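Some notes on the structure that comes next.
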Amino acid sequence: MKSLRPLLASLLAIATVAGASQARAQDLGDWPSKPITFIVPYAPGGFADTRMRLIARKLGDVLKQTVVVENKAGAGGVIGTNLVAKATPDGYTIGAGNLAPLAVNPSLMAQMPYKADKDLAPIILVENSPLVLSVTNALPVKNLQELIALAKQKPGTLTFGSSGVGGAHHLSGEMFREQAGIDIVHVPYKGGSPASADLMGGHISMMFEMGYAALPAIQSKKVHPIAVTSAKRLTVLPDVPTLAEAGLPGFESYNWQGIIAPAGTPAPIIAKLNAELNNILQDPEVQRAIADTGSQAGGGTPEDFAKFIASETRKWAEVIQKGNITLQ
């Protein structure tokens, strides 16, 4: 009889696992039995759109169902994100959840059509995209301490460009101004490209720029990189220190993006999407695409993403309040 106990224990374990798998399958029902709509709240061809189309393709492959990307741009990502928030929570609508519409605009805009923490269900953080603080070659500085010293010598004369009010470029500059205790002037542009061009031309002093956008000018020595906003150095810029290393402890800033669903989407579907997307983020093609743009792959649980969004919301609300930043 004793010899049968290990066998019986093994059979019981197998039955338990099989039962759990069957229960999960029943919880999912026949989902997905039709195409899934994936809303990207930005225009086609941009950084967010390109990344999410790659993720959508991979997700469609593993779910064996078409994932249709729909671009719904406008109002800093609010229009598309609101469509996700208002969609039927049946697992057939998901969307890209980004820094601005989830963590910045609630503090920046007087009115919002949705509550990010109540109307949306976080699924997973896809990536963190650090920024690079670069200065024009016309500026006689080589490191962060020299830049801060020059700004203190000439208050109100150094400028920093951005792609517009409330974006990662702008808010990183505001946080830098506050933490370094300096007086620098914000110059908003209608997009990152014209700001980058003016940085190379010496028309603005500095800029916090997305890694993928900053690399060509850095590699061609048209601008000088001072520091990166991530917790660790970037593999594509190993000689450039983090801002924390360079003298501003705790300074971190990212333009991040993840995937969300309408609040009320069934938990088994959220869990299934999270599991598959965690696997997709380990895919060599996806890892290479993320690394090549100077970004860092995300992952983790829906709860991890929810906590991250809450933390980012608190951080940028404080920056917006201290800087008295408003949309004009």
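The values are calculated or read from the model by the stated rules, or taken from the named source; none is laboratory data. Owing to the predicted nature of the structure, the values given are computational and were not obtained by experimental measurement. Counting neighbours? That spans all protein chains shown, and the Cβs are built from the backbone with ideal geometry, glycine included. Accessible surface areas use protein heavy atoms only, side chains included; no ligands, DNA or RNA. Shrake-Rupley method; radii C 1.70, N 1.55, O 1.52, S 1.80 Å.
Observations
- Share of Cα-Cα pairs in region 52-160 lying beyond 19 Å, as whole percent: 61
- About its Cα centre, region 76-216 has a charge dipole of approximately 180 debye under the convention of +1 per Lys or Arg Cβ and -1 per Asp or Glu Cβ, with nothing else charged.
- Nearest-20 debye value, region 192-287 charge dipole, Cβ charges on Lys, Arg, Asp, Glu: 80
- Long-range amide H partners of residue 209 with built H, under 5 Å: 132, 133, 134
- For the pair region 283-316 / region 66-125, the C-alpha centres are spaced 16 Å from each other.
- Region 258-328 gives an Rg/Rh value of 1.09, both radii derived from C-alpha positions and Rh following Kirkwood.
- Over all orientations, region 123-175 has a Cα convex hull whose mean projected area works out to 5.2 square nanometres.
- Qualifying lysines (Cα of each under 18 Å from Cα of residue 222; at least 8 residues distant if same chain): 142
- Measuring only protein heavy atoms, the 1.4 Å probe finds residue 186 accessible over about 40 Å².
- Relative contact order for region 133-207, counting Cα pairs under 8 Å that sit 6 or more residues apart, in percent: 43
- Size descriptors for region 217-316 (Cα atoms only): Rg and Dmax, in that order, 16.6, 51 Å.
- Here the chain is assigned +1 on the Cβ of each Lys and Arg and -1 on the Cβ of each Asp and Glu. Its dipole about the Cα centre then comes out at about 240 debye.
- Heavy-atom accessible area per residue - the chain, 1.4 Å, Å²: 46
- With Cα atoms, 0 to 90° folded angle of helix 302-322 axis to the chain main axis: 20
- Estimated 222 nm signal from helices in the chain, with DSSP H stretches of n ≥ 4 weighted -39500 (n - 2.57), rounded to 500: -14000 deg cm²/dmol
- Helix 144-153 axis, angle to the chain major axis (alpha carbon atoms, nearest 10°): 40
- Given their separation in residues at 0.36 nm each and the Cα-Cα distance between them, residue 306 and residue 321 gain 3.1 nm when the chain is fully extended.
- Cut-off 12 Å between beta-carbons: net charge of the residues surrounding residue 178, Lys and Arg +1, Asp and Glu -1: 0
- In degrees, nearest ten, helix 47-63 long axis to first principal axis of the chain (Cα): 10
- With contacts taken as Cα pairs under 8 Å and at least 6 residues apart, the chain reaches a relative contact order of 24 percent.
- Portion, in percent, of the accessible area of the chain that falls on carbon or sulfur, probe 1.4 Å: 55
- For the chain, average projected area of the Cα convex hull in nm²: 19.9
- Amide proton proximity set for residue 185, modelled H, under 5 Å, gap of 5+: 158, 159, 160
- Less than 5 angstrom separates the built amide H of residue 298 from those of 127, 128, all sequence-distant by 5 or more or on a different chain.
- Beta bridge orientation in the chain: antiparallel %, DSSP, nearest 5: 60
- With contacts taken as Cα pairs under 8 Å at a separation of at least 6 residues, region 195-328 carries a relative contact order of 16 percent.
- Among the listed pairs 72/322; 154/190; 64/115; 72/115; 118/272; 232/322, those beyond 24 Å (Cα-Cα): 72/322; 154/190; 64/115; 232/322
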